[in-house]
């Protein structure tokens, strides 16, 4: 394998990990023992001496690595491999260097190369499992299982596998499984006289997840090594994955207080401070992390994101503190989009706060911060520190981050619904003191999209119906697993929809107070099985049985006819592509008879309306698109067409309602605002028209003369003649022969003259 540390020319790794016998040189182990006991000066001197006098290239590589000179360590490993390519132990440690240096792909290449040569190599399999588990890849399980069931696995690799298994089990809520693995690991560690620090840290994490915040393992660890920051940083990780970010901030701060050189803790402290809107303090720790580990992608990406904040503006509502007792809301929006998004975002946020305050019996205690990013990768970095995230929004308590309307293609993204979804999370997280399981928080958010959102309607992708048909829904007590460690490609979206259906079922069968009741049971520390029994009065098994009957009653028609749907849909698409309009209409109606609420991008409503319009059946096409819209469809092209047709039929009120909904998909469409403003002005709704015209002008239209004339017209209808005249003069300055503007200006001058007499 051609190996170079592509981005680590002068980097620094994190604290030296315990290797549990992967290194056998006694001189290196002697230095390591000093390091793991917290004797920093003595260990540095020891490693430096090894670097000068080490008898082997591998020893010098380990010493350079411990001293955080990764370039030198890589070079020594390369030389060692050239001199002795069959030294698999050193080759595996070379892979560990890559893994420790954020180069997971290169590490996996080395591990696979070793495994291909020697499939029984336990440390290579352990390294692969660590990399895969770090990215929440289910493939890690195969390596872990082989390590734990293979009787030839060395003690060190077995300890590593047990610790990793315990960590994964804790992430999955398997406390007893994790503690059993830690007990087994402790026995091996004691027998080999290896440092027990990682065991202490995971035991402290287990205590934390059981709401024991003052773990005895913390004191035991500090007695062993008073500078071991992992005793706080490892439990902090579990606060993060359970979305208790302020608790994580406190623990990461303690970690860097006792181990200032722990770059990963500084990095995570910075990321979580940013999630709490502590921007200046976050930057400080991210800079420290970058100084210690310059090529950590999370630190680099997040600092670049913070640098981009100069392109954003803050908008506060209300502008004056304590106005009307409203909870303050702050929007962080890109300067190019702020004027177009802010009015709708503020209105939606206020509506959501009022709705959820009443429904979930919880009043917000702090201001809400909403950030929208036009670059999806910036949003991904804001959320996870890394690009490539597939989600649309994320909530960190009182801070919401999401794609802006330009962050996704309009036909794929209804930003208003996403904002509503995330604001529901603010309530479920805060009302439960962040103890709500992921599935229930997501379930309420999906359910509220369907029930009360700006675009109501139960929208379920066809892939989820197939999962229902194949009995791939999880028991309610295990539903979190579908979010945390999906076992198949589409399980996350299936879990979202199942969680939404579960909350819909609870609401229908037990009433809305049951949903809030469950929230407060989670706040009290109950797990899902306990909460269901206390609030709903049935066992989880009875719940699963009744929920399945509910799903069957609501969706049995399509579940029994999925193959018919697929065949008919394929036939309709074929007829649509060949211009067979009568055939398209026939097939579309058959599909809608099976599933009238299906309004995904490939909805039969769209094909039906298209075919009917081609045949001159405008009235029927209008009805088809209106049904599409009323069931929650939001395709902006289709809805603008529908609005235009309704307006032509003198149904201006409906036309306005439809076009207004498009603003929750594509508010950056300047022409949309102008057209909507014209309809509103004609309906003598001048104040609303003025807002639309103001947004159109703020979007820097090509025809600024018309934009200013429209502003003048709205002001004129409102009686604001001075403002009207100002905009007319601007319009005529741009287009001196613009007749409508000339006429309106003349009317204003005559009116002014009449008033003087």
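Brief remarks on what is shown
- Virtual spin-label span in nm between residue 534 and residue 148, 7 Å along Cα→Cβ: 3.0 nm
- 0 to 90° range, to nearest 10: angle between helix 721-734 axis and the chain longest Cα axis: 80 degrees
- Mean separation of Cα contacts under 8 Å, 6 or more apart, over the residue count of the stretch 312-431: relative contact order %: 24 percent
- For the stretch 312-431, the fraction of alpha-carbon pairs in successive 10 Å shells from zero, as %: 14, 47, 32, 7, 0
- Averaging Cα coordinates gives a centre for the stretch 569-622 and one for the stretch 248-273; these two points are 57 Å apart.
- Inter-label distance for residue 42 and residue 717, nm, one decimal - labels placed 7 Å from Cα along Cα-to-Cβ: 8.4 nm
- Between helix 155-171 and the chain: long-axis angle, C-alpha atoms, 0 to 90°, nearest 10: 30 degrees
- Helix 704-718 axis, angle to the chain major axis (alpha carbon atoms, nearest 10°): 70 degrees
- Relative contact order (percent, whole number), the chain, Cα cutoff 8 Å, 6+ residue spacing: 7 percent
- In the distance distribution for the stretch 204-336, Cα-Cα pairs more than 24 Å apart total 41 percent.
- With neighbour counts taken as other beta-carbon atoms within 10 Å, the residues 370, 353, 492, 18 rank, fewest first, as 492, 353, 18, 370.
- Calculated on C-alpha atoms, the gyration radius of the stretch 493-532 divided by its Kirkwood radius gives an Rg/Rh of 1.00.
- With Rh defined as the Kirkwood radius, the inverse of the mean 1/r over Cα pairs, the Rg/Rh of the stretch 433-556 is 0.93.
- A Förster radius of 22 Å combined with the Cβ-Cβ distance from residue 216 to residue 250 puts the calculated FRET efficiency at roughly 0.75.
- Here the alpha carbons of the chain define both size measures, Rg and Dmax, at 30.9, 107 Å.
- Rounded D (µm²/s) - the stretch 560-691, Kirkwood Rh over Cα pairs, Stokes-Einstein at 37 °C, 0.692 mPa s: 211 µm²/s
- Inverse mean reciprocal Cα-Cα distance (Kirkwood Rh) of the stretch 98-198, Å: 13.9 Å
- With Rh defined as the Kirkwood radius, the inverse of the mean 1/r over Cα pairs, the Rg/Rh of the stretch 330-373 is 1.05.
- Pair residue 365, residue 411: separation of 7 Å Cα→Cβ label points (nm): 4.7 nm
- Considering only the chain, percent of DSSP beta bridges that pair antiparallel, nearest 5: 50 percent
Since every read-out is calculated from the coordinates, none of them should be taken as a lab result. If you're wondering where the values come from, they're calculated on a predicted model, not measured in any experiment. Every residue, glycine among them, receives a Cβ derived from its backbone with ideal geometry; neighbour counts consider all protein chains shown.
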